1. Taking segment 121-134 on its own, how many of its residues are open to solvent by 10 Å² or more (accessible area, probe 1.4 Å) and closer than 15 Å to R190 by Cα?
2. Got at least one residue in segment 93-106 being crowded, with 20+ Cβ neighbours inside 10 Å and closer than 17 Å to W223 by Cα?
3. For the condition closer than 28 Å to I137 by Cβ and surrounded by fewer than 19 Cβ atoms within 10 Å (Cβ to Cβ), what is the one hit in P215, P229?
4. Starting from segment 220-243, keep only residues that are closer than 14 Å to G66 by Cβ, then list their pairs with residues that are charged (D, E, K, R) and assigned to a loop (DSSP other than H, G, I, E, B) whose Cβ atoms are within a distance under 9 Å, requiring at least 6 positions of separation or different chains.
5. If I filter segment 111-120 for residues that are open to solvent by less than 10 Å² (accessible area, probe 1.4 Å), without any contact (Cβ under 8 Å) to a residue 60 or more places away in the chain and in a loop (DSSP other than H, G, I, E, B), do I get at least one hit?
6. Go through segment 139-185 residue by residue and tally those that are part of a loop (DSSP other than H, G, I, E, B), over 19 Å from L120 (Cβ atoms) and either of a type in the set (V, I, T) or open to solvent by 10 Å² or more (accessible area, probe 1.4 Å) (or both).
7. Going by what's in this entry, would G85 be described as part of a loop (DSSP other than H, G, I, E, B) and open to solvent by less than 60 Å² (accessible area, probe 1.4 Å)?
8. Only one residue in G138, G188, G145 is at positive phi and not basic (K, R). Which one?
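The values are calculated or read from the model by the stated rules, or taken from the named source; none is laboratory data. Quick caveat, the model's predicted, so the values are computed rather than measured. We place every Cβ from the backbone using ideal geometry, glycine too, and count neighbours over all the protein chains shown. Remember, those area values only see protein heavy atoms, side chains included, never the ligands or the DNA or RNA. Shrake-Rupley method; radii C 1.70, N 1.55, O 1.52, S 1.80 Å.
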Amino acid sequence: MSSARPRAGWLIVAACGVLTGCMAQIQPPALGPAAPADLRYLALGDSYTIGESVDARLRWPAQLVGRLRERGVAVAPPVIVAQTGWTAQELARAIDRQAPRGPFQLVSLQIGVNNQYRGLDVEEYRVALRSLLQRAIGLAGGDAGRLLVVSIPDWGVTPFAEGRDRDQIAAEIERFSEVNRAEAERAGARYIDITPQSRIAAAEPAMIAEDGLHPSGVMYAEWARLIEPAALAALAERGVVVR
């Protein structure tokens, strides 16, 4: 899914949101190069994972790494296989092409919004997602507990959706996210529901990037906050010491 509006460059936003507190700038994490002993993290997805319309340091995978480092976890900058507009099927083909080499100590998967946006069949999405989950688990060394599956945001609350049936979009997002959750749990992965958080953007303009469609760094910071406990649990259960 992509916006018809111009893409924004560097974006530092301030907000006084429901959960983000008073006006505070998002400080991008300075990730730096990986050290030989750093844990490896692979992020699979679409525009939300690649951070369309925000600086690379404000993508939620980068902000998640920054939060983990603050907890004393030595994590390398994320390896990202993601592109704006990809469906689950297109992500699978991209993994074939790019062939990321595991094992990774942490893998995240957030995919499906473009299946919904294009009006593709939800059961076809289920089949593609099952395959992606198994591939992601394989890249996590065969350990499903290292896989973080992130729900699908509701883009229907954004200015880009003006003139469209927002209730229908929300209902379809719920259908795809139900499949997302059920298949993630079936595979033994950790599931993080950020969809309710994405809907705060309806009343919080600072949660939306300048393209009117994608999340801002402020929204991604909230997602990273929600994802962090699952990431810490995945690492701690496998012997990684966290503060």
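1. 2
2. In the first step, residues of segment 93-106 are kept if they are crowded, with 20+ Cβ neighbours inside 10 Å; the result is 104-106.
Filter once more, so that each one left must be closer than 17 Å to W223 by Cα: 106.
Yes, some residue in segment 93-106 is crowded, with 20+ Cβ neighbours inside 10 Å and closer than 17 Å to W223 by Cα.
3. Details: P215 fails: surrounded by fewer than 19 Cβ atoms within 10 Å (Cβ to Cβ).
The conditions single out P229.
4. What qualifies is Y220/R59; E228/R71; L232/R71.
5. Looking for residues that are open to solvent by less than 10 Å² (accessible area, probe 1.4 Å), without any contact (Cβ under 8 Å) to a residue 60 or more places away in the chain and in a loop (DSSP other than H, G, I, E, B), one finds none in segment 111-120, hence no.
6. From segment 139-185, those part of a loop (DSSP other than H, G, I, E, B) are 140-143, 151-154, 158, 162-165; that's our starting set.
Keeping just the survivors that are over 19 Å from L120 (Cβ atoms) gives 140-143, 158, 162-163.
Those still in the list that are either of a type in the set (V, I, T) or open to solvent by 10 Å² or more (accessible area, probe 1.4 Å) (or both) too: 141-143, 158, 162-163.
Matching residues across segment 139-185 total 6.
7. On the way: part of a loop (DSSP other than H, G, I, E, B): yes; open to solvent by less than 60 Å² (accessible area, probe 1.4 Å): yes.
For G85, the condition - part of a loop (DSSP other than H, G, I, E, B) and open to solvent by less than 60 Å² (accessible area, probe 1.4 Å) - is met.
8. Values: G138 fails: at positive phi; G145 fails: at positive phi.
Answer to the check: G188.
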